[in-house]
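First up is the structure itself, then whatever we jot down about it.
The values are calculated or read from the model by the stated rules, or taken from the named source; none is laboratory data. On a predicted model such as this, the values are computed, not experimentally measured, just so you know. Every residue, glycine as well, gets a Cβ built from its backbone with ideal geometry; the counts of neighbours run over all protein chains shown. Only protein heavy atoms, including side chains, enter the accessible area calculation; ligands, DNA and RNA are left aside. Shrake-Rupley method; radii C 1.70, N 1.55, O 1.52, S 1.80 Å.
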Amino acid sequence: FPAEDIRNFSIIAHVDHGKSTLADRLLELTGTIDKTKNNKQVLDKLQVERERGITVKAQTASLVYSFEGKQYLLNLIDTPGHVDFSYEVSRSLSACQGVLLVVDANEGIQAQTVANFFLAFEAQLSIIPVINKIDLKNADPERVEKQIEKVFDIPSDECIKISAKLGTNVESVLQAVIERIPPPKVNRKNPLRALVFDSTFDQYRGVVANVALFDGVVSKGDKIMSAHTQKTYEVNEVGVLNPSEQSTQKLYAGQVGYLIAGMKDVTEAQVGDTLYLQSHPVEPLPGFKSAKPMVFAGVYPVDQSEYNNLKSAIEKLTLNDSSVTVHRDSSLALGAGWRLGFLGLLHMEVFNQRLEQEYNTSVILTAPTVPYKAVLSSAKLIKARRAVQKNMIFIDQNRVMLKYLFPLNEIVVDFYDSLKSLSSGYASFDYEDAGYQTAELVKMDILLNGNAVDELVTVVHKEKAYSVGKTICEGLKDSLPRQLFEIAIQAAIGSKIIARETVKAYRKNVLAKCYGGDITRKMKLLKRQTEGKKKLRKIGNIEVPKDAFIKVLKTR
Ligand code: GDP
Ligand code: MG
């Protein structure tokens, strides 16, 4: 395909507005997948995507479509809609010249519709508005057209009205892609310049890089270099995603496909890297802004002997999800592990689930926290800011867009759920970082008979300290075994005790059920008891089982 017969585009939208369903129809219409099968979100390949019914990874598919007697190569990238995965969207857009902006004909413009529109707008891509689900009883495509004109300044006659589910009018989407999205501006005569916009790690073949070619040609057998590592590799395989891998002899500028070059280490072929011919060095492409993590959590192997397995799993998975930041960390209770940064709570859960499902690991995930900047001073006394309204725009009579400034930790945990239930599901939200603000935060210690437990030190808002302290003390009380003496569990801010629970004394006698004189059985039980003790951590003279920490760290 000459470059002028290629179109590269992404499908973007708010979550559930029908991106993946539209992708199914486009794949069917072009004969890429079998129409007679009951195809449902075929590009959502990961187990976590199928189980949760959401897209978390952008997926590429190459389609061939005949229009007015001419064949075109269309490279489609389906993207996630949830705010936590917008990093996937912005990377995908770097391989595209246009987008289909899908809007639900009943729900209209939502928070991620706006966020994703601006990603595409800032990247100067052609934007084709697609109003989907016109088959719904409550669909009101004319109202949505007006919203699109008002908020995005796109003339309403540019909107294409479809039902992705039924396939209604989907053909005109393909025609619009050909007519309204420009072909990639590339030069095949220049030396190779390929952008790695995604990559995965394959156990047998090493790094599989998803590439968009901006210049030149790459063939099997070529000697290429990575701008990032400055290492040389031989290309073993190139091909297109159809949507499964289909190897080809060459990839040409303007195309999107995959490349395997015997990179066996996960630090090779990082997302954002530029690949070029060893014989023809080029200026690297700009790559990507690094993602900014919003939520942090500790990740530890359930058993320390699994440390190396988990390490390798985290490395491989972060290759496929470069928005996760990784720092080594250790905890007295949980051993060696990592502190990972995520873009949100859903992102954290999905990453954890992928570690378990795709890499067969078992992981302890500690309660999420948000970043604070501490300034040491005798009085940190400036009043904490609550949400502050910044902006209000009416989208139409029924819908309003509000902008607020919020403390991050207030929206991280359950804000989304509360917002949804308060508004009976009508409200949606998106957020971006507005920098640090001063707040009245306190450091809270947890004491066992007066000794501080390092693992459980937390930073909390002053007004919430009492309830958080109480919850932790109650949690510990339930999970601490009784011992020979009474244990006082206290939450303290400085020297002030704000919560207390007590575990009564009790002696656990492992020999109690051993009648008679079977000495070997007695020895066995005693041995088991000492082994059990290795899993205990001594705080003062109190033995705390690892499980107790895990429970409290998780539920906080
Ligand atoms: P995505 O999150 O944007 O990828 O949305 P999906 O493609 O996963 O679709 C979300 C839900 O909307 C699914 O239950 C689809 O079956 C449904 N859906 C998608 N398109 C249509 C449509 O045209 N009409 C109706 N009634 N439902 C649709
Ligand atoms: Mg989807």
Seminar exercise, completed: Length gained if Ala123 through Lys146 is fully extended, taking 0.36 nm per residue and subtracting the Cα-Cα distance, is 5.9 nm
Problem set entry | Distance between the range 238-286 and the range 151-214 - C-alpha centres, whole angstrom | 17 Å
For this session: Order Lys311, Lys223, most accessible first, counting only protein heavy atoms with a 1.4 angstrom probe.
Result: Lys223, Lys311
Exercise. Accessible area, 1.4 Å probe, largest first: how do Leu334, Leu345, Leu136 sort?
Worked result: Leu136, Leu345, Leu334
Seminar exercise, completed: For the range 140-247, the per residue accessible area (1.4 Å probe, Å²) is 47 Å²
Exercise. Cα atoms only, the range 258-329: Rg and Dmax in Å?
Worked result: 15.7, 49
Problem set entry | Unit charges at the beta carbon, dipole of the range 182-321: most positive-side option, Ala212, Gly298, Pro182 | Pro182
Seminar exercise, completed: Computed over the range 102-247, the distribution of all Cα-Cα distances in 10 Å bins, rounded to whole %, is 9, 28, 24, 22, 14, 2
For this session: Obtain the nm distance between the two label points defined at Lys250 and Glu234 by a simple spin-label model: each point lies 7 Å from its Cα along the Cα-to-C-beta direction.
Result: 2.1 nm
Exercise. Probe 1.4 Å, all protein chains in place: accessible area of Met225 in Å², nearest 10?
Worked result: 30 Å²
Exercise. Check Tyr72: other-chain or 5+ apart residues with amide H under 5 Å from its amide H, H built from backbone geometry?
Worked result: Tyr65, Ser66, Phe67
Problem set entry | Amide N proximity, the range 467-490 versus Ala452 label position 7 Å along Cα-to-Cβ, cut-off under 16 Å | 490
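Using 0.36 nm per residue, how much length does the chain from Asn38 to Arg188 gain when fully extended, once their Cα-Cα distance is taken away?
Values: separation 150, 0.36 × 150 = 54.00 nm, distance 3.96 nm.
The Asn38-Arg188 span can extend by a further 50.0 nm.
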Problem set entry | Solvent accessible area, Å² - Ile134, 1.4 Å probe, full protein context | 60 Å²
Exercise. At q = 0.17 Å⁻¹, what log₁₀ I(q)/I(0) does a Debye calculation on the Cα points of the range 186-310 give, no solvent, two decimals?
Worked result: -0.83
Exercise. By the gyration tensor of its Cα atoms, with a ≥ b ≥ c the square roots of the eigenvalues, what is the shape of the range 114-179: rounded for a/c under 1.5, prolate for a/b over b/c, or oblate?
Worked result: oblate
